[in-house]
Amino acid sequence: MNSIFKPHVFFILLAGFLGGCVFLLPVQAEELKVKYKADRIEYIKAEKVFRLLGHVEMQVRDLVITSEKLDYDTENKTLASQVPFEIVQTTSEGKKRTIKGTELLYDIRLKRAEAKNVYLIIPAQSPGQEVYVQGESMVAYEDGKRVVFLKGFYTTCNHYDKEHQSSSQQVEDIHSLQNMRRQWTHYAIEADVLDYLEGDRVLAWNAQILAFEKQTFWFPFWLIPLQSPEGIKKPDIDVGQNAVEGIFTKFKGYYHWNDFHDGYWYATLMQNKGVGLGFQHDWVAFPNSITRFYFYGLPVTANIQDVAGALISGPNAEVNDQASTQLTTQQTSSVTWLDQVANWGRNKFQDHDLEFRHKQKLLPYTELELSFKDKDFYNTSAYQATRNPSQSFEFRLTDNQLFLLDPSSELKVNSNLSLNQSVNGPLDIRYQVNGQNITRTVTKGISGTQNRTASVSAVLGNSNLNLRTNWSENNNSSRTQIFENNELKTDQSASAPSQGNELWNTTLDLNLPFNDKAKLSTNLIYNSNTSGISSTSVGTLIQTLQPRVNLTQSLDWGTFSLNYEDFFTLSSDLQAAKNQSSGQIKKLPELNLQLNPFFQDTFPIQLETRMGRYFDPSIPVQALTQYNLTEIGRTLLRLSLVSKDFDLGMGMKANFGGTNFEQRLYQTQDAEYIFTARANLRNELSPYFIPSLTYERAVQDQVKNNSPFANFEPLQLRTINNLNATLSLVNLPEFTWTFNGGYDYINRQYQQIQSNITSQIGNQFILRAHTAYTPVAIKDSEVGGFLKDSDGYVYRHGDPVNGAMIPIHQEDVGSFSLFGGRWDNTTLGMRWRSSQEIFATGALSTFGLESGIPQGVELGGDIAYDFHLGRINGLNGSMRFSFGDSWLWHTELDLVFSVQPTTIPGNLEELFALVVPFRVVLRKDLHDFILTASWDSFYQQFNLNLSLLAFPFSTSDITGNLGSLNQQVNSLGGGLR
């Protein structure tokens with residue numbers, strides 16, 4: 001070996017021995033540089049090779065290569081290793097790929113690697129799942145974007161025989177092809193050639209399908225897709241059964257035309273409904289436009305055995321033949337093939353679900369979005385209307401810069417124009433059988449809405465201006481037809497004419513901050529409301545205009561604000577407008593001054609004063625003319641105590657927050673005052689027992705107090721004289737019990753009594769309980785009569801019909817009665833878990849593990865019982881079971897149910913019944929697969945699905961995929977912004 005040590009080489013060698021520090025290899029400046037660590041470095045001058053020995057670690061781009069010996073050819077720019085090596089590559093998504101082997105030759109310039117006895121680990125789609133590939137030899141292109149294996153072995157199963165791995169014979173190289181074959185994989189593919197394309201597929205030639213290391217099938221080639229859900233090319237299959245469709249099988253597959261066009265296709269075979277076909281196509285012309293078209297429907301609705309004939313024939317063939325015989329020869333000859341096609345298609349795709357969405361970038365700052373939906377599909381649930389057809393259209397135009405502005409300007413002008421239109425027509429069919437007579441009631445409701453919105457906004461720094469206009473129309477109608485033995489007996493459509501409303505609303509908002517403490521805000525609202533529109537009436541039009549202006553200034557000593565509010569009636573029907581304007585007070589203007597609290601550390605007191613001129617439309621004109629006034633001036637002074645706890649010793653604390661005195665003086669020489677006293681006394685000597693009393697009383701002169709206004713801040717609404725009590729027991733996370741109650745001294749009645757219990761013991765047990773009782777109020781006018789319940793009926797004790805009545809005496813007025821009151825819903829909710837460990841059934845991360853799978857039982861539910869009606873108002877429950885610490889025994893069972901009270905129409909009366917829809921889901925861990933079976937009583941549907949753990953996907957709900965359509969398109973649309 002010829003070695004020439006130059007000073008810089010000697011320095012590198014010395015540094016390698018001292019700590020394996022990181023340096024740059026001496027490649028040319030224009031070449032990609034690499035970093036490395038090694039115990040020792042040798043330079044072979046004749047071969048121009050650097051040899052790294054001992055704990056070698058080299059980084060090239062996103063690759064980290066480790067070995068005990070690595071040669072770097074500076075002339076050919078290659079790396080070579082004749083001993084076992086490992087390469088870890090970190091992708092742009094942060095995922096790691098690992099390659100292990102016995103020999104390596106890597107060309108840095110070509111990004112090509114050749115290796116022998118290779119073991120490759122690739123991240124799968126599911127978090128924590130991996131794909132394992134082995135081969136006698138491997139060639140990788142473009143740093144692993146494409147990898148070709150000879151004598152390859154592919155699986156996603158990580159179940160290895162631990163004894164084989166720990167045996168002395170396997171210590172030298174457990175990843176050799178022979179040792180890999182000894183590992184007990186549940187399924188695998190062995191092929192002469194495995195062609196792996198990153199994120200796309202694995203193509204196997206001369207492939208053997210292995211199950212438990214035994215050959216099960218042979219194929220000349222086999223395609224394994226590795227795409228994410230948007231790129232899955234294999235069809236996914238679900239099977240199930242429900243009452244409407246019968247036994248069904250659903251297929252869903254992915255297709256990809258090019259970088260701009262892709263989508264999904266759907267197919268369903270149903271025992272009772274025939275065939276369902278559909279597709280979803282996405283056209284992404286980034287960054288200018290995005291288009292999605294979705295359609296799913298049934299060509300015909302027939303039994304699967306009759307689909308072929310129904311597809312060929314047109315609707316009502318006999319009727320069409322009879323009609324054609326009545327035509328003259330000249331008329332008959334005018335029927336073209338287009339008419340025949342139209343006749344054939346009249347009964348096709350009556351059950352359909354269609355949606356079209358398009359987002360287009362028109363100008364650099366302008367976007368257009370269109371959406372159209374048309375759905376007329378049967379429902380599989382007995383708890384829903386038979387059909388609920390609906391149509392909607394949406395148009396939206398936005399512009400982020402209406403005017404050409406200086407790029408350096410902070411001014412931004414945005415606009416938004418939208419049009420929404422929707423029509424819904426739920427159809428409900430009910431049958432009633434009485435002997436030989438069958439009565440069928442068909443009810444169809446139609447609800448239509450049109451909504452048009454336009455808005456413009458301008459932003460300059462912290463200031464903004466917004467203008468928004470909305471014009472909406474809605475109408476509702478219904479039609480009920482009653483058939484007896486298929487003969488129309490009653491048509492109630494004429495007796496229920498449609499009703500509609502039209503609303504026009506325009507709002508202008510301006511927010512103009514002068515600095516951090518001063519701000520001006522204005523608001524202008526125009527309303528035009530036409531109600532009661534029908535075929536016989538044009539409706540009643542009411543037009544109003546309401547401006548508001550507010551100026552606020554924060555100072556060191558308090559806050560100053562100036563408010564202006566006005567209300568203009570623009571309608572010709574003044575009485576209707578006056579009725580609508582009732583309660584609208586004009587402030588012309590109002591000055592508000594609020595000082596910061598005085599004596600804040602000892603006894604905080606706050607002073608507030610308001611002065612202004614006001615107009616109340618409800619005031620009779622005569623009341624103003626006698627004072628020769630058009631508006632009335634008012635001055636308000638309020639002195640209030642700020643909330644603060646005062647320690648009285650022995651755990652007692654008092655708080656007088658809310659106590660205030662208010663004086664009002666009017667220009668009409670009227671005056672009002674009100675004094676509100678509020679005191680709270682609380683004892684916290686023991687944290688396990690905290691009683692609290694709150695007394696609040698408002699005192700005012702009911703005789704001399706007088707206000708010229710009818711609806712402006714009436715003091716009568718603030719009349720109060722209440723005592724409230726609260727008792728909190730234990731007050732620990734494990735258990736807390738609170739009671740609330742009180743007495744109203746003005747109305748002489750007890751207030752509602754409430755009780756709440758909360759309990760949480762670690763992560764295992766949570767309990768919530770609530771009940772409330774409202775005692776009946778006994779009044780003076782009822783003395784001499786009999787006690788009535790909260791519904792106003794005479795209370796009979798023991799028996800609602802023959803029970804004894806309770807007479808009322810004078811001393812009973814204002815007292816607490818145990819009878820006749822109303823119990824609110826008493827609710828009880830709990831969740832119990834068998835262990836402290838939190839587990840979530842259905843989580844993919846818990847499947848396919850050798851050990852450590854969370855297991856246990858979780859029970860939860862809540863019940864609401866109405867003692868007043870003596871029935872359950874709601875009962876919901878869930879039971880979740882997870883068994884097995886390892887994948888071999890891992891099984892999950894979920895049961896979710898809900899008891900719902902409902903009424904069933906009978907021949908003469910409404911019958912009360914309890915409906916219990918529930919859903920059961922069973923999942924079995926097959927290590928590399930998940931077998932899922934479910935039953936949903938709401939839809940009367942059974943589903944069965946087998947999915948690969950590494951690449952899970954399901955077609956369990958084809959039409960349900962549209963539920964996330966808007967979110968998906970909006971996510972795509974983010975690229976246009």
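Among strands (runs of 3 or more DSSP E) entirely within the range 453-531, having at least 3 residues that are modelled with pLDDT of 85 or more and open to solvent by 40 Å² or more (accessible area, probe 1.4 Å) singles out 463-484, 499-513. Filtered by the rule that a residue be assigned to a loop (DSSP other than H, G, I, E, B) and without any contact (Cβ under 8 Å) to a residue 60 or more places away in the chain, the range 832-852 gives PHE839, ALA840, ALA843, LEU849, SER851, GLY852.
Condition check ((1) of a type outside the set (D, E, K, R); (2) touching a Gly at 6+ places or on another chain (Cβ under 9 Å)) across all residues:
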{"position": "ARG822", "(1), (2)": "no, no"}
{"position": "GLY829", "(1), (2)": "yes, yes"}
{"position": "SER834", "(1), (2)": "yes, yes"}
{"position": "ALA843", "(1), (2)": "yes, no"}
{"position": "GLY848", "(1), (2)": "yes, yes"}
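Number of residues in the range 442-452 that are farther than 15 Å from SER472 by Cα and open to solvent by less than 40 Å² (accessible area, probe 1.4 Å): the value is 2. Filtering the range 628-649 down to residues that are hydrophobic (A, V, I, L, M, F, W, C) and in contact with a strand residue (DSSP E or B) (Cβ under 8 Å, 6 or more places away or on another chain), which residue is nearest to ALA677 (Cα to Cα)? Ranking the qualifying residues of the range 628-649, first place goes to LEU641.
Would you call ASP71 charged (D, E, K, R), over 30 Å from ALA211 (Cα atoms) and touching a residue at least 24 places away in the same chain (Cβ under 8 Å)? Break it down into steps so the answer makes sense when it comes.
Details: charged (D, E, K, R): yes; over 30 Å from ALA211 (Cα atoms): yes; touching a residue at least 24 places away in the same chain (Cβ under 8 Å): no.
Criteria not met by ASP71.
Specify the residue that is most open to solvent (accessible area, probe 1.4 Å); the eligible residues are those in the range 869-901 that are free of Cβ contacts under 8 Å to residues at least 60 places away in the same chain and in a loop (DSSP other than H, G, I, E, B). Break it down stepwise before answering.
First, pick out the residues of the range 869-901 that are free of Cβ contacts under 8 Å to residues at least 60 places away in the same chain: 869-886, 888-901.
Within this subset, residues satisfying the condition of being in a loop (DSSP other than H, G, I, E, B) are 869-870, 884-886, 888-890.
Values: LEU869: 102, GLY870: 46, GLY884: 12, ASP885: 71, SER886: 27, LEU888: 93, TRP889: 179, HIS890: 1 Å².
Only one residue fits best here, namely TRP889.
On inspection, GLN764 passes the criterion of being surrounded by 15 or more Cβ atoms within 10 Å (Cβ to Cβ) and at pLDDT below 90.
When every residue of the range 24-44 is checked against the conditions, at least one turns out to be modelled with pLDDT under 50 and surrounded by 14 or more Cβ atoms within 10 Å (Cβ to Cβ).
Every residue, every condition in (1) assigned to a strand (DSSP E or B); (2) within 25 Å of ASN706 (Cβ to Cβ); (3) open to solvent by 50 Å² or more (accessible area, probe 1.4 Å); (4) charged (D, E, K, R), yes or no:
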{"residue": "PRO589", "(1), (2), (3), (4)": "yes, yes, yes, no"}
{"residue": "ASP601", "(1), (2), (3), (4)": "no, no, yes, yes"}
{"residue": "TYR614", "(1), (2), (3), (4)": "yes, yes, no, no"}
{"residue": "ALA654", "(1), (2), (3), (4)": "yes, no, no, no"}
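Screening PHE149 against (1) at pLDDT 85 or above; (2) open to solvent by 80 Å² or more (accessible area, probe 1.4 Å) leaves a single unmet condition, (2). If you check ILE438 against the conditions, is it of a type outside the set (Phe, Trp, Tyr), open to solvent by 70 Å² or more (accessible area, probe 1.4 Å) and modelled with pLDDT under 75? Yes; evaluated as a whole, the condition is true for this residue. Within the range 259-296, the set of residues being open to solvent by less than 10 Å² (accessible area, probe 1.4 Å), under 28 Å from the mean Cα position of the chain (by Cα) and without any contact (Cβ under 8 Å) to a residue 60 or more places away in the chain comprises GLY263 only.
If you check GLY785, GLY741, GLY803, GLY798 for being among the small types (Gly, Ala, Ser) and crowded, with 17+ Cβ neighbours inside 10 Å, only one passes: GLY741.
Conditions (1) surrounded by fewer than 17 Cβ atoms within 10 Å (Cβ to Cβ); (2) more than 29 Å from HIS927 (Cβ to Cβ); (3) not assigned by the TED database to the domain that holds PHE929, marked per residue:
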{"site": "HIS55", "(1), (2), (3)": "yes, yes, yes"}
{"site": "THR78", "(1), (2), (3)": "no, yes, yes"}
{"site": "GLN82", "(1), (2), (3)": "yes, yes, yes"}
{"site": "GLY101", "(1), (2), (3)": "no, no, yes"}
{"site": "ASP107", "(1), (2), (3)": "yes, yes, yes"}
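For the range 603-612, what are the residues that are in a loop (DSSP other than H, G, I, E, B) and open to solvent by 40 Å² or more (accessible area, probe 1.4 Å)? Working first, answer last.
Taking the range 603-612 and keeping what is in a loop (DSSP other than H, G, I, E, B), we get 603-604.
Correct list: PHE603 only.
Scanning the range 225-234 turns up no residue that is surrounded by fewer than 17 Cβ atoms within 10 Å (Cβ to Cβ) and at pLDDT 85 or above.
Taking each residue of the range 444-472 that is on the phi > 0 side of the Ramachandran plot and looking for partners that are assigned to a strand (DSSP E or B) and of a type in the set (A, V, I, L, M, F, W, C) with beta-carbon atoms closer than 9 Å, six or more apart or interchain, yields GLY461/LEU411. Looking only at residues in the range 919-943 that are under 19 Å from THR380 (Cα atoms) and either open to solvent by 70 Å² or more (accessible area, probe 1.4 Å) or part of a loop (DSSP other than H, G, I, E, B) (or both), the one that is modelled with the lowest pLDDT is TYR939.
The values are calculated or read from the model by the stated rules, or taken from the named source; none is laboratory data. Given the structure is predicted, the values throughout are model-derived calculations rather than measurements. FYI the Cβ positions are ideal-geometry reconstructions off the backbone, even for glycines, and counts take in every protein chain you see. Protein only, heavy atoms only, side chains kept; ligands, DNA and RNA dropped before computing areas. Shrake-Rupley method; radii C 1.70, N 1.55, O 1.52, S 1.80 Å.
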